[in-house]
Amino acid sequence: MIRVQAEDFDVGRELEKLSDGNLDVGGVSCFVGLVRDMAGDKPIETMTLEHYPEMTEKALAEIEAEARSRWPLADTLIIHRYGELAPGDRIVLVAAASAHRQAAIEAAHFLIDWLKTKAPFWKREVTPDGGQWVDARSSDDAAAERWIEK
Amino acid sequence: MKLLYFAWLREKAGLSQEDVTPPDTVATVADLIEWQIGRGGGYTEAFSDEAMVRVAVNQEYVGVDHPVAAGDEIAFFPPVTGG
């Protein structure tokens with residue numbers, strides 16, 4: 001399931017729903033992304049996430065479908081927020097449920113790595129120096145690269 | 001065709017979307033970027049560092065050789081930073 005929303009989400013409740021009524025699920029793995037309080041040595045006041053709604057849904061659906069084609073998953077979940085957030089706020093939740101831990105853990109790792117380099121979201125941080133668009137990191141590209149099937 | 005701009009490309013271009021009819025010689029994404037640079041002002045600035053511009057045609061990532069046509073939705077944006 002995919003949800004792109006301004007509102008916060010309840011991690012515990014979302015994870016419970018992922019395996020509810022499915023006793024084949026032996027494990028659920030997840031990653032929760034949060035807004036940090038510092039940009040380098042500058043305190044972050046707010047972080048705003050912009051996105052491309054029509055493409056976001058499509059890109060996330062492709063990422064989810066790719067995970068489900070690679071691992072035997074009972075269910076997957078991607079929730080990504082947009083709009084203005086503050087330090088400590090949740091940004092993203094990815095989770096994967098499977099019969100066994102390896103598939104669940106690897107799939108959750110894959111989901112966040114691919115999302116970071118493929119889903120059309122952009123972060124803008126405001127510090128006492130003003131607003132600044134966050135630059136993409138080459139380490140994120142490298143993290144996604146390792147999931148490319150050779 | 002409908003053009004969309006996001007993040008700092010939107011700020012530099014000075015708008016989030018517009019409908020345009022480029023000349024017939026604009027057949028690919030590369031042609032379209034070249035045409036944008038030639039429009040001057042914020043457009044020239046937005047597209048000055050082509051390596052920082054990502055393009056999606058009808059919500060799919062494409063390379064600069066991808067064709068563009070009337071009726072397409074073409075989005076320009078910097079490398080993504082979600083998650």
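The values are calculated or read from the model by the stated rules, or taken from the named source; none is laboratory data. Since this is a predicted model, take the numbers as computed values, not measurements. As a convention, Cβ positions derive from the backbone with ideal geometry for all residues, glycine included, and neighbour counts pool all protein chains shown.
Before moving on, here are some points about what is shown:
- The condition of being among the hydrophobic types (A, V, I, L, M, F, W, C) and either buried (at least 18 other Cβ atoms within 10 Å of the Cβ) or over 28 Å from B:Tyr5 (Cα atoms) (or both) does not hold for A:Leu34.
- Of all residues making up region A:49-87, the number that are facing another protein chain (nearest Cβ under 10 Å) and of a type in the set (S, T, N, Q): 1
- Residue in region B:1-30 that is surrounded by the most Cβ atoms within 10 Å (Cβ to Cβ), counting only those that are within 12 Å of chain A (Cβ to nearest Cβ) and among the aliphatic types (A, V, I, L, M): B:Leu9
Here's the yes/no breakdown for (1) under 30 Å from A:Asp129 (Cα atoms); (2) among the β-branched types (Val, Ile, Thr); (3) modelled with pLDDT under 95:
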position: A:Glu7; (1), (2), (3): yes, no, no
position: A:Asp10; (1), (2), (3): no, no, no
position: A:Glu16; (1), (2), (3): no, no, no
position: A:Gly21; (1), (2), (3): no, no, yes
position: A:Val25; (1), (2), (3): no, yes, no
position: A:Val28; (1), (2), (3): no, yes, no
position: A:Phe31; (1), (2), (3): no, no, no
position: A:Asp41; (1), (2), (3): yes, no, yes
position: A:Ile44; (1), (2), (3): yes, yes, no
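- Cβ pairs under 6 Å, 6+ apart, first in region A:123-142 and within 7 Å of chain B (Cβ to nearest Cβ), second among the aliphatic types (A, V, I, L, M) and part of a strand (DSSP E or B): A:Lys123/A:Met47; A:Lys123/A:Leu49
- Residues that are acidic (Asp, Glu) and free of Cβ contacts under 8 Å to residues at least 40 places away in the same chain were ranked within region A:14-61; the one that is farthest from B:Val80 (Cα to Cα) is A:Asp20.
- Test: residue in region B:31-42 that is in a helix (DSSP H, G or I), within 11 Å of chain A (Cβ to nearest Cβ), surrounded by fewer than 16 Cβ atoms within 10 Å (Cβ to Cβ) and aliphatic (A, V, I, L, M): no
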